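Colleague: Structure incoming, see below.
The values are calculated or read from the model by the stated rules, or taken from the named source; none is laboratory data. What you see is a predicted model; the values in this text were computed from it and never measured. Here Cβ is always computed from backbone atoms with ideal geometry, including for glycine, and neighbour counts include all displayed protein chains. For accessibility, only protein heavy atoms count, side chains too; no ligands or nucleic acids. Shrake-Rupley method; radii C 1.70, N 1.55, O 1.52, S 1.80 Å.
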Amino acid sequence: QVHLVESGGGLVQAGESLTLSCSASGRTPSDYAMAWFRQAPEKQREMVAAITSTHVTYVPDSKKARFSISRDDKNTVGLEIDSLIPEDTAVYYCAGRADGISLLMRSYDDWGQGTRVTVSS
């Protein structure tokens, strides 16, 4: 079983940048993909970025201007958010799955507890 732990959330000012981190522990498959989702108040959870074990990335077009994802060789994934806006306020979740990236949230087997990001204007 894989255990995911997020860190780096908090209260930030609009216009600032923020980097979140997610560390995976336990037995991860060799093709373990990791992704970031977020859930804003009263909204559905959405994917913001994903990355494969070979560092192939996916970021939705709507997020490409300000969101970037990275990964080291020890299953730690970062999410950098630039020029934060109040609409970025959400709980950010790290998720993982075998067999590469999927756009289907329900296909991710492993989830962290989430880290809250609040952007003040």
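Colleague: Take the residues of the range 35-54 that are of a type outside the set (A, V, I, L, M, F, W, C) and more than 16 Å from Pro86 (Cβ to Cβ): which is most open to solvent (accessible area, probe 1.4 Å)? Write out each step before concluding.
Modeller: So in the range 35-54, the residues of a type outside the set (A, V, I, L, M, F, W, C) come out as 38-39, 41-46, 52-54.
From the residues that got through so far, the ones that are more than 16 Å from Pro86 (Cβ to Cβ) too are 44-46, 52-54.
Details: Gln44: 165, Arg45: 73, Glu46: 67, Thr52: 24, Ser53: 46, Thr54: 102 Å².
For the range 35-54, the residue satisfying everything is Gln44.
Colleague: Further question: In the range 86-121, what count of residues is obtained for those that are under 18 Å from Ser53 (Cβ atoms) and polar (S, T, N, Q)?
Modeller: 2
Colleague: Taking only pairs six or more apart or across chains, which ones have beta-carbon atoms under 6 Å, a first residue in the range 1-27 that is within 23 Å of Trp111 (Cβ to Cβ) and small (Gly, Ala, Ser), and a second residue that is open to solvent by less than 60 Å² (accessible area, probe 1.4 Å) and assigned to a loop (DSSP other than H, G, I, E, B)?
Modeller: Pairs that qualify, where the first residue is within 23 Å of Trp111 (Cβ to Cβ) and small (Gly, Ala, Ser) and the partner is open to solvent by less than 60 Å² (accessible area, probe 1.4 Å) and assigned to a loop (DSSP other than H, G, I, E, B), are Ser21/Gly8; Ala24/Asn75.
Colleague: Follow-up question, since we're still on this one. Being under 12 Å from the mean Cα position of the chain (by Cα) and assigned to a strand (DSSP E or B) is the filter; apply it to the range 97-115 and report the residue that is surrounded by the most Cβ atoms within 10 Å (Cβ to Cβ).
Modeller: Among residues in the range 97-115 that are under 12 Å from the mean Cα position of the chain (by Cα) and assigned to a strand (DSSP E or B), the one surrounded by the most Cβ atoms within 10 Å (Cβ to Cβ) is Thr115.
Colleague: Could I ask something else about it? When the residues of the range 69-90 are filtered to those that are among the small types (Gly, Ala, Ser) and surrounded by fewer than 18 Cβ atoms within 10 Å (Cβ to Cβ), which remaining residue is farthest from Ala24 (Cα to Cα)? Show your work before the answer.
Modeller: First pass over the range 69-90, keeping only residues among the small types (Gly, Ala, Ser): 70, 78, 83, 90.
Then keep just the ones that are surrounded by fewer than 18 Cβ atoms within 10 Å (Cβ to Cβ); that gives 70, 78, 83.
Working: Ser70: 14, Gly78: 12, Ser83: 27 Å.
The residue in question is Ser83.
Colleague: Here's a follow-up. In the list Thr57, Thr118, Thr19, which residue meets the criterion of being open to solvent by 30 Å² or more (accessible area, probe 1.4 Å), more than 15 Å from the chain's Cα centre (by Cα) and of a type outside the set (Gly, Ala, Ser)?
Modeller: Values: Thr57 fails: more than 15 Å from the chain's Cα centre (by Cα); Thr19 fails: more than 15 Å from the chain's Cα centre (by Cα).
After ruling out the rest, the residue left standing is Thr118.
Colleague: Name, by its number, the condition in (1) within 19 Å of Gly112 (Cβ to Cβ); (2) at pLDDT 95 or above; (3) β-branched (Val, Ile, Thr) that does not hold for Thr28.
Modeller: Every condition holds for Thr28 apart from (2).
Colleague: Related question: Going residue by residue through the range 64-73, is there one that turns out to be at pLDDT 95 or above, hydroxyl-bearing (Ser, Thr, Tyr) and within 12 Å of the chain's Cα centre (by Cα)? Let's see the steps before the verdict.
Modeller: Step one: filter the range 64-73 for residues at pLDDT 95 or above, giving 64-71.
Now restrict to residues that are hydroxyl-bearing (Ser, Thr, Tyr): 68, 70.
Within this subset, residues satisfying the condition of being within 12 Å of the chain's Cα centre (by Cα) are 68, 70.
Yes.
Colleague: With the requirement that a residue be farther than 17 Å from Ala95 by Cα, assigned to a strand (DSSP E or B) and of a type in the set (Asp, Glu), what does the range 7-57 give you?
Modeller: Restricting attention to the range 7-57, the residues satisfying the condition of being farther than 17 Å from Ala95 by Cα are 10-18, 41-43.
If we keep only those that are assigned to a strand (DSSP E or B) as well, we get 10-13, 18.
Within the range 7-57, no residue meets the criteria.
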